[in-house]
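Asks: There's a structure below that I have some questions on.
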Amino acid sequence: MTPPLLVLQNIDLTLGATPLLAGAELAVGPGDRVCLVGRNGSGKSTLLRIAAGLIPFDAGRRFVQPDATISYLQQEPDMAGFATVEDYVAAGLGPGDDLHYGRSLLAALGLTGAEHPARLSGGEARRAAIARALAPAPDVLLPDEPTNHLDLPAIAWLEQELAGSRSGIITISHDRRLLETLSDSVIWLEDGITRRLDRGFSHFEAWRDQVLEQEETERHKLGRRIAMEEDWLRYGVTARRKRNQRRLAALHDLRRARREGRPSGASLRLAATEADRSGRLIAVAEGVSKSWGDRTVVRDFSAKLLRGDRVGIVGANGAGKTTLLRLLTGELAPDRGTVTLGASLAMVMLDQQRATLDPAATLADTLTGGGGGDAVQVGTQKRHVMSYMKDFLFRAEQARTPAGDLSGGERGRLMLALAFARPSNLMVLDEPTNDLDLETLDLLQELFGDYQGTVLLVSHDRDFLDHVCTSVIAAADDGRWIEYAGGYSDMLAQGGAVPVARQAPRTPARPTAPAPRDAGAGPSPPDRPRMAYKDRHALETLPREIETLQARAAKLRALMSTPDFFSRGQALFAQASAELAATDAALAVAEDRWLELELMREQLDV
């Protein structure tokens, strides 16, 4: 068995008067793929920083194999004091590391290295931090929310890069697809305690629910035992005799076990305040175009947004997603074409930069409007600020915490609290999933399912798009945008492509020696071309589609062959004949396409 590169044992840490970690454990070996999950505020980032050796802890043990290198990718990179991005990346290298690989990573991520760190966007800063973390080719890599602010092409590149890495990796992320792709074990951190599942993230939620159900059963049994002992104490005469003091002490131990046992935990309560119903038409765009300088970001776009739609907008950074969002909401006027908004719209917007938050204002003042009161206006009702804070998992002692001191996830929940307090029938959300934990994302999905209004959102979270959207508008080339029915996976199934960056990331060669080969093995074969994802998906789904079409055609022929069918009416016969002709034509196209793909598969031997 290969010894682990990094081990944390029985880690305790208390911040202020609140225990954050209580006997937490963590281990990673060469090539391991571990994901660290838990709700916001549970201490995931703190545990990862302890693993990186960046902060001290109260008790426990941290062991790192001699000469093992560790690289930590923090959520919010600090680039202060660096003249260029290349200087920032170079500062993360160790003795003997080659800056050339760091430069190639920057180029793959669309950066030159000459950029000034203070002028970077959020996505560019994240790319620079990724290049710094990967450049040393570390033995242990600790990425904390690596996909935040990345677009879909960069996320796809990062997945490929991490999958091919030889590092042991412990990942914190809210991106379910990334976790499913890059995990062979899960560490669950809850109430300071870690539990390990030696299977991938796709098995985590079922396992977690079993653990919670078992703990609830144990708490119920403990409660029944305490009730029985208290009944004995209250009514049993022998309870006051000296020889039964041991049983009384045992009762106190049971009560202490219930107090100190794992609590059921506060649950997030999300509910949007809905305004009066809007009209059926929310927005109609006809021939809309918009350019910035010489570049056209939206070209001849037409769409109709109806009440109840959940529309996702996807594309690479710089494709014009926010521009399209602003055009559809009337915030931005098109150069050509028209956008007509529906009647009785009550719109709430959530911007990705969270620029509406005053970093100096306290959490309570932000929610109450800073007027010195203690009530939050939630629709037509007033809620005490402390009660409303609890709905979004804020503690009472955080009421005077400046918004700028909150974590990324806490700022995300604060923005949701502000948005949901306002009556709306149209929610416009620009990257709402950044920094939110998996539980909050699940609740957001449920909320949008129950919301009677319309949702328009920009997101790079593939799983979230699949569960929320009724259609997806995707960026194509030359400023064109195409709408697909369904979520992100449905878009791919309909022939839509993964959004491509304006400067597509390319994978640089890693600074590692090639694996030894047998001397008599001869030259390595060249890489063979492979089928595109949409072709492989079509090859898998076309047989079912062909069967459905064949069954439909057979049913129509059987119906038309009945003796009295024509006598039912000429119009009905004409309709059935036209439907049969269309079905036969679709069947011929599907069969030809399947044959073409099958020949391609045989030639490529995939």
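Asks: Please give me, ordered by residue number, the trypsin sites (Lys or Arg not before Pro) of region 325-433 that lie in loop per DSSP and have at most 14 other Cβ atoms within 10 Å.
Replies: Arg395, Arg400
Asks: Another question, if that's okay. Near Thr340, within a Cβ-to-Cβ distance under 14 Å, what is the net charge of the other residues, with Lys and Arg +1 and Asp and Glu -1?
Replies: Result for the neighbourhood of Thr340: +1.
Asks: Which of the peptides 196-208, 452-464 is most tightly packed, and how do the rest follow, judged by the mean count of other Cβ atoms within 10 Å per residue?
Replies: Packing order, densest peptide first, comes out as 452-464, 196-208.
Asks: Taking K and R as +1 and D and E as -1, what net charge do the other residues with C-beta under 13 Å from the C-beta of Ile282 add up to?
Replies: Computed value for this residue: +4.
Asks: How would you rank 56-67, 122-133, 161-172, highest first, on the average number of other Cβ atoms within 10 Å across their residues?
Replies: 122-133, 161-172, 56-67
Asks: Between Lys304 and Lys390, how many nm apart are label points set 7 Å from Cα along the C-beta direction?
Replies: Going from the Lys304 label point to the Lys390 one covers 4.8 nm.
Asks: At R0 = 41 Å, how high is the FRET efficiency between Lys382 and Glu218 if r is their beta carbon distance? Nearest 0.05 is fine.
Replies: 0.50
Asks: Turning to a different aspect of this structure: Within the set of other residues whose C-beta is less than 13 Å from the C-beta of Asp198, count the net charge using Lys and Arg as +1 and Asp and Glu as -1.
Replies: With Lys, Arg at +1 and Asp, Glu at -1, the neighbours total +2.
Asks: Would you list, by chain and number, the aspartates and glutamates whose Cα falls below 14 Å from the Cα of Lys304, excluding same-chain residues fewer than 8 positions away?
Replies: Glu286, Glu483
Asks: While we're on this one: At Arg119 and Ala582, where each label point lies 7 Å from the Cα along Cα→Cβ, what is the point-to-point distance in nanometres?
Replies: It is 5.6 nm.
Asks: For region 28-47 and region 98-154, what is the centre-to-centre distance using only Cα atoms, to the nearest Å?
Replies: After rounding, the separation between the Cα centres reads 21 Å.
Asks: How high is the FRET efficiency from Glu286 to Gln452, r the C-beta distance, R0 22 Å, rounded to 0.05?
Replies: The pair Glu286/Gln452 has a calculated efficiency of 0.25.
Asks: Quickly work out the Arg336-to-Asp58 label distance, labels modelled 7 Å from Cα along the C-beta direction, and quote it in nm with one decimal.
Replies: Computed distance between label sites Asp58 and Arg336 equals 6.7 nm.
Asks: Nearest 5 percent is fine: what portion of the DSSP beta bridges confined to region 281-493 is antiparallel?
Replies: If we restrict to bridges inside region 281-493, about 60 percent are antiparallel.
Asks: Could you rank the peptides 373-381, 178-186 by their average count of other C-beta atoms within 10 Å per residue, with the highest value first?
Replies: Result, highest mean first: 178-186, 373-381.
Read-outs throughout are calculated quantities, based only on the coordinates presented, and are distinct from any laboratory measurement. This is a predicted model, so every value here is computed, not measured. Positions of Cβ are backbone-derived with ideal geometry, glycine not excepted, and every protein chain shown enters the neighbour counts.
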